[in-house]
Amino acid sequence: MGDYISKSKNNNNLSFKVEKIMKELNNLYTLRVFEDRDPYRVLIRTILSQRTKDANTDKATNQLFSKYKDIHEVADAPIEDIEKLVKSAGFFRVKANRIKEVSHIILDYYGGIVPNNMKELLELPGVGRKTANCVLVFAFQEPAIPVDTHVHRIPNRWGIVNTKTPEKTEEELMKIVPKNLWIDMNDLIVQFGQTICRPLNPLCEECPIADLCDYYNTNFL
DNA sequence: AAAACGGGGGC
DNA sequence: GCCCCAGTTTT
């Protein structure tokens, strides 16, 4: 009983901290609205983005879809052609294969419609929790928290979670982050992680939310 | 839980 | 050349 109360109180404090942080990030960055919310293209773009920087993802995605207009054309394309088009995303052989496989599965089993639920998305080859959550958020605007390396590392630095695995991070974040912030969270944290809160040598001296950060307060004060 | 997998780009 | 980087799959 007492345990429940103190835990819930603790969560409220953390939620308050999260809200302050997210408000700051919102001031700092422009939300990158996906100009294209077409579920198929979001799915393919997200697969191409795995372990890959934005610029290279964009290049590969644009090259692919400037040649092929829709899922049918991608599914029918020779694998070598897809490989060439998505080369700049890296891991291009695996990704080209998965893009083709995924396209065929969606055509054969889902009538060409990308599934809009976690269970079916996870059954697609090359789609894990992060990619599935990206599709849910960016294409279907369902509240979810895609946890990539940034979204795993940074909340741990802030001290709002203390987790070893991305799965655990997602679980903990869903408990303490107000639901209305879920959709924006990944994009804002990723931008923050690319510019200031980098994996190595974070720019804490320039960080506008250092005062809210456990990592900074532990290491620099 | 940890290792394997798998390439471009920056320096 | 070396090292980093918006994961997924297999052991």
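Among (1) closer than 18 Å to A:Glu172 by Cα; (2) not in a loop (DSSP other than H, G, I, E, B); (3) not small (Gly, Ala, Ser), which single condition is A:Tyr109 missing?
All conditions are met except number (1).
Yes or no, residue by residue, for (1) among the aliphatic types (A, V, I, L, M); (2) closer than 23 Å to A:Thr131 by Cα; (3) in contact with a Leu (Cβ under 6 Å, 6 or more places away or on another chain):
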position	(1), (2), (3)
A:Ile154	yes, yes, no
A:Glu172	no, yes, no
A:Lys179	no, yes, no
A:Met185	yes, yes, no
A:Gln194	no, yes, no
A:Cys213	no, no, no
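How many residues are over 16 Å from the mean Cα position of the chain (by Cα), assigned to a loop (DSSP other than H, G, I, E, B) and more than 13 Å from DNA strand B (Cβ to nearest atom) if we restrict to segment A:145-166?
Number satisfying all stated conditions: 4.
For segment A:13-31, what are the residues that are farther than 17 Å from A:Gln194 by Cα and either buried (at least 16 other Cβ atoms within 10 Å of the Cβ) or touching a residue at least 12 places away in the same chain (Cβ under 8 Å) (or both)?
Once the filter is applied, which keeps residues that are farther than 17 Å from A:Gln194 by Cα and either buried (at least 16 other Cβ atoms within 10 Å of the Cβ) or touching a residue at least 12 places away in the same chain (Cβ under 8 Å) (or both), segment A:13-31 yields A:Leu14, A:Ser15, A:Lys17, A:Val18, A:Glu19, A:Lys20.
Checking A:Glu172 against (1) within 26 Å of A:Cys204 (Cβ to Cβ); (2) away from DNA strand C (no atom under 14 Å from the Cβ); (3) touching an Asp or Glu at 6+ places or on another chain (Cβ under 9 Å), only one condition comes out false. Which one?
A:Glu172 satisfies every listed condition except (3).
If you go through segment A:35-57 one residue at a time, how many are surrounded by fewer than 16 Cβ atoms within 10 Å (Cβ to Cβ) and under 15 Å from the mean Cα position of the chain (by Cα)?
Residues that pass the stated criteria total 4.
Just checking, does segment A:208-215 include any residue being aromatic (Phe, Trp, Tyr) and buried (at least 17 other Cβ atoms within 10 Å of the Cβ)?
Checking segment A:208-215: at least one residue is aromatic (Phe, Trp, Tyr) and buried (at least 17 other Cβ atoms within 10 Å of the Cβ).
Does A:Thr169 satisfy the condition of being more than 16 Å from the chain's Cα centre (by Cα), within 14 Å of DNA strand B (Cβ to nearest atom) and either in a helix (DSSP H, G or I) or surrounded by 14 or more Cβ atoms within 10 Å (Cβ to Cβ) (or both)?
Spelling it out, it is not the case that A:Thr169 is more than 16 Å from the chain's Cα centre (by Cα), within 14 Å of DNA strand B (Cβ to nearest atom) and either in a helix (DSSP H, G or I) or surrounded by 14 or more Cβ atoms within 10 Å (Cβ to Cβ) (or both).
Pairs needed: first member in segment A:160-173, closer than 9 Å to A:Val147 by Cβ; second member anywhere, away from DNA strand C (no atom under 15 Å from the Cβ); C-beta distance under 7 Å; at least 6 residues apart or different chains.
As it stands, the answer is A:Thr169/A:Val161; A:Leu173/A:Val161, since those pairs meet every condition given.
Please verify whether segment A:178-187 includes one or more residues that are more than 19 Å from A:Asp54 (Cβ to Cβ), within 16 Å of DNA strand B (Cβ to nearest atom), crowded, with 17+ Cβ neighbours inside 10 Å and at pLDDT 95 or above.
No: zero hits.
So in segment A:69-112, with the set limited to residues that are within 18 Å of A:Thr46 (Cβ to Cβ) and aromatic (Phe, Trp, Tyr), which one is farthest from DNA strand C (Cβ to nearest atom)?
The extreme case among them is A:Tyr110.
Is there any pair linking a residue in segment A:192-206 that is touching a residue at least 24 places away in the same chain (Cβ under 8 Å) to one that is of a type in the set (A, V, I, L, M, F, W, C) and outside any helix (DSSP H, G or I), with Cβ under 8 Å and at least six apart or on different chains, and which?
A:Cys197/A:Leu203; A:Cys197/A:Cys207; A:Pro202/A:Ile196
The values are calculated or read from the model by the stated rules, or taken from the named source; none is laboratory data. Everything quoted here is computed from the prediction, not taken from an experiment. With ideal geometry, Cβ positions are generated from the backbone for all residues, glycine too; neighbour counts draw on all protein chains shown.
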